[in-house]
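J.: To start, I am sharing the structure in question, which I have written as structure tokens.
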Amino acid sequence: MNQTESNIPAGFMQDARGALWPVETIKEIDRARDDLVREIVEKARAMSALLSTFKGSVFGDIQAFVELSAEKYGAHMGGIKGNVTLLTFDGRYKIQRAISENLVFDERLQVAKELIDQCIHEWSKGSRPELIALVNDAFNVDKEGKVNTGRILSLRRLDIEDEKWQQAMKAIGESLQVAGTKAYIRVYERVGNSDQYRPINLDVAAV
């Protein structure tokens, strides 16, 4: 059974299976690797905590500014809503707060699929293969068993007056639910005197 690091006796190291080994029996390169990994992990934890503090502070500052701006016009803002872009006076720096919604479909999507299948069956002799392919593609699931929201919603843009089809499109619209939201902060600086901006990366992989 694995022990917590604080419970490991002095002079011993624990391996991945939970067994204890006297330090002197462990190769120097293995001890050096262990030290390096632990050092990097501690730095990563400190950086993660710093980024978490930064994120919370920035979101709070932006929201406070949005509410301050709204007060100038006698409006009240309730909670974080929508995307916001803030620019410095000279336009050199730009900050964007982006709100991304996680959209999912409830059981009414299956009702819509059944109605669409009925439509295609009824129109089978006159149905264009492109339409059948479009519908089948829209309802295909990915490796995680999820449908592509954009493809499903694209069906609603088709100009088809059939009453059953319209009922299916209504079911699709009513089945769409917001399962959650994620908020992002993106910071940019202008490239020279151009109208282009480059991100100030906060992603370790992109730095």
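Just so it is clear, none of the values below were taken in a lab; they were calculated from the coordinates. Everything numeric here is computed off the predicted structure, so don't read it as measured data. Here the Cβ is made from the backbone with ideal geometry for all residues, glycine too, and neighbour counts use every protein chain on show.
J.: Can you give me the angle between helix 163-175 and the longest principal axis of the chain, using Cα atoms only, in degrees from 0 to 90, rounded to the nearest 10?
T.: Tilt relative to the chain: about 20 degrees.
J.: So what is the 222 nm mean residue ellipticity for the chain from helices alone, if each DSSP H run of at least 4 adds -39500 (n - 2.57) and you divide by all residues, rounding to the nearest 500 deg cm²/dmol?
T.: Mean residue ellipticity at 222 nm (helix-derived): -14500 deg cm²/dmol.
J.: If you line up the long axis of helix 129-138 against the longest principal axis of the chain, both from Cα atoms, how many degrees apart are they, to the nearest 10?
T.: 40 degrees
J.: Which angle from 0 to 90°, rounded to the nearest 10, does the C-alpha axis of helix 108-122 make with the longest principal axis of the chain?
T.: Taking the Cα atoms of the chain, the angle to 108-122 is about 40 degrees.
J.: Quickly work out the Thr25-to-Met47 label distance, labels modelled 7 Å from Cα along the C-beta direction, and quote it in nm with one decimal.
T.: With each label placed 7 Å out from Cα toward Cβ, I get 3.6 nm.
J.: Which residue, Gly180, Gly192, Gly91, tops the fluctuation ranking in a GNM of the chain built on C-alpha contacts under 10 Å?
T.: Looking only at Gly180, Gly192, Gly91, the largest GNM fluctuation is found for Gly192.
J.: log₁₀ I(q)/I(0) of the stretch 2-48 at q = 0.32 Å⁻¹, via Debye over equal Cα point scatterers, no solvent, to two decimals?
T.: Rounded to two decimals, the profile gives -1.15.
J.: Rg and Dmax of the stretch 1-79 over Cα atoms: what are they, in angstrom?
T.: Every Cα atom of the stretch 1-79 included, Rg and Dmax give 24.0, 73 Å.
J.: Once the convex hull of the C-alpha atoms of the chain is built, how many Å³ does it hold per residue, rounded to a whole number?
T.: Values: hull volume 60.6 nm³, N = 207.
Once divided by residue count, the hull of the chain is 293 Å³.
J.: Report, ordered by chain and residue number, the aspartates and glutamates lying within cross-link reach of Lys164, taken as a straight Cα distance under 15 Å and ignoring same-chain residues fewer than 8 apart.
T.: Glu114, Asp117, Glu122
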